[in-house]
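*Asks:* What follows is a structure written as structure tokens; I'll ask about it next.
The values are calculated or read from the model by the stated rules, or taken from the named source; none is laboratory data. Fair warning: this is a prediction, and the values are worked out from it, not measured in the lab. Backbone-built Cβ (ideal geometry, glycine too); neighbour counts: all protein chains shown.
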Amino acid sequence: KNISYNNCMAQLFTAHLLAGVEILILVSMALDRYVAIVKPLHYMVLMNRQRCNMLVFMAWGVGLWHSVALLLMVLNLPFCGPNQINHYVCDVKPLLKLVCKDIHVVSILVIANSGMVVVVIFLILVASYILILYNLRTYSSIGRRKALSTCSSHIMVVVLFFVPCIYIYILPAGSENKDKEVSVFYTVIAPMLNPLIYTLRNMEMKIAMGKVWSKMAHSEFKRLIFIVLSVLCPQSIDHLRSHRKHMSSLWGAGLKSL
């Protein structure tokens with residue numbers, strides 16, 4: 001699919017801006033869960049509205065700094081034909097394969113700007129959950145179950161987002177790897193699963209999903225029984241149908257008499 005140079009640069013900037021914001025939002029959510037589980041009595045003081053607003057502004061500020069630095073680095077590179085990238089989005093690593101000069105230094109800068117940052121933040125998130133698990137030793141079984149159910153959705157999103165990013169941006173630009181296939185996880189699959197993952201934390205949604213699932217399972221079970229009986233005992237199916245018609249006619253006659 002064709003895309004102009006300016007649109008490609010805009011796509012690169014927007015993608016890394018939103019990715020940087022999402023990373024910092026995930027860090028803020030991990031901090032929120034750490035304070036809620038480890039220091040529950042101080043939660044309202046430590047995570048007040050002013051501090052939450054500061055974390056949101058910080059996420060946008062750091063994301064903007066990251067995307068602007070990456071965009072300025074790419075704009076100063078000389079590109080030469082065939083102006084085709086083996087990817088479905090304008091990302092920095094596919095674009096580096098079109099550069100007409102040695103990209104050794106640029107590749108190191110990309111790893112430092114994207115790869116190492118993602119690795120460090122992922123290790124911070126892992127350390128925060130290790131501390132949470134360590135502090136859960138003093139909780140009751142019900143408290144541990146509740147805390148783990150609170151953190152499970154965040155852990156799933158972190159794994160779906162960070163593991164593919166680490167694989168893509170920690171490797172040098174010239175290496176042959178599955179960047180296009182792996183990037184589907186954090187560009188398509190993770191955003192699609194986010195509403196489902198976070199919604200399942202809601203108890204009302206869990207109850208509603210359970211009711212729908214039980215109704216579906218019950219109807220499928222009845223249909224399966226009907227198919228088995230129709231194959232093995234077709235006479236019993238005819239008897240059930242005639243009995244149902246007879247009962248419905250009796251019910252209708254009773255209503256008319258009333």
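*Asks:* I'm checking my understanding of the structure. Among residues of the stretch 88-141 that are over 20 Å from the mean Cα position of the chain (by Cα) and of a type in the set (S, T, N, Q), which one is nearest to residue 11 (Cα to Cα)?
*Replies:* Step by step, filter the stretch 88-141, then rank; the result is 113.
*Asks:* Something else: Can you say whether residue 158 is without any contact (Cβ under 8 Å) to a residue 12 or more places away in the chain and within 18 Å of the chain's Cα centre (by Cα), as far as the supplied structure shows?
*Replies:* Spelling it out, it is not the case that residue 158 is without any contact (Cβ under 8 Å) to a residue 12 or more places away in the chain and within 18 Å of the chain's Cα centre (by Cα).
*Asks:* Scanning for something out of contact with any Phe, Trp or Tyr (no Cβ under 8 Å at 6 or more places or on another chain) and basic (Lys, Arg), does the stretch 84-97 turn up at least one residue?
*Replies:* Among the residues of the stretch 84-97, at least one is out of contact with any Phe, Trp or Tyr (no Cβ under 8 Å at 6 or more places or on another chain) and basic (Lys, Arg), which makes the answer yes.
*Asks:* A further question follows. Pick out, from the stretch 123-229, the helices (runs of 4 or more DSSP H) lying fully within it that include 2 or more residues that are modelled with pLDDT under 70.
*Replies:* The qualifying helices (runs of 4 or more DSSP H) are 190-199.
Residue by residue, here is whether (1) touching a strand residue (DSSP E or B) at 6+ places or on another chain (Cβ under 6 Å); (2) closer than 17 Å to residue 32 by Cβ; (3) of a type in the set (Phe, Trp, Tyr); (4) surrounded by 14 or more Cβ atoms within 10 Å (Cβ to Cβ) holds:
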{"site": "137", "(1), (2), (3), (4)": "no, no, no, no"}
{"site": "142", "(1), (2), (3), (4)": "no, no, no, no"}
{"site": "147", "(1), (2), (3), (4)": "no, yes, no, yes"}
{"site": "155", "(1), (2), (3), (4)": "no, yes, no, yes"}
{"site": "166", "(1), (2), (3), (4)": "no, no, no, yes"}
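*Asks:* Considering only residues that are more than 26 Å from the chain's Cα centre (by Cα) and within 25 Å of residue 146 (Cα to Cα), look in the stretch 6-42 and name the one that is surrounded by the most Cβ atoms within 10 Å (Cβ to Cβ).
*Replies:* Going through the qualifying residues, I end up with 39.
*Asks:* Kindly check whether there is at least one residue in the stretch 89-100 that is of a type outside the set (Lys, Arg), assigned by TED's automatic domain parsing to the domain that holds residue 181, surrounded by fewer than 16 Cβ atoms within 10 Å (Cβ to Cβ) and in a helix (DSSP H, G or I).
*Replies:* no
*Asks:* Only one residue in 24, 41, 77 is farther than 23 Å from residue 129 by Cα and either in a helix (DSSP H, G or I) or not basic (Lys, Arg) (or both), so which one is that?
*Replies:* Unique residue meeting the criteria: 77.
*Asks:* Now for a separate question. Which number in (1) within 25 Å of residue 139 (Cα to Cα); (2) over 19 Å from the mean Cα position of the chain (by Cα); (3) among the β-branched types (Val, Ile, Thr) marks the one condition that residue 3 misses?
*Replies:* Among (1) within 25 Å of residue 139 (Cα to Cα); (2) over 19 Å from the mean Cα position of the chain (by Cα); (3) among the β-branched types (Val, Ile, Thr), residue 3 violates only (1).
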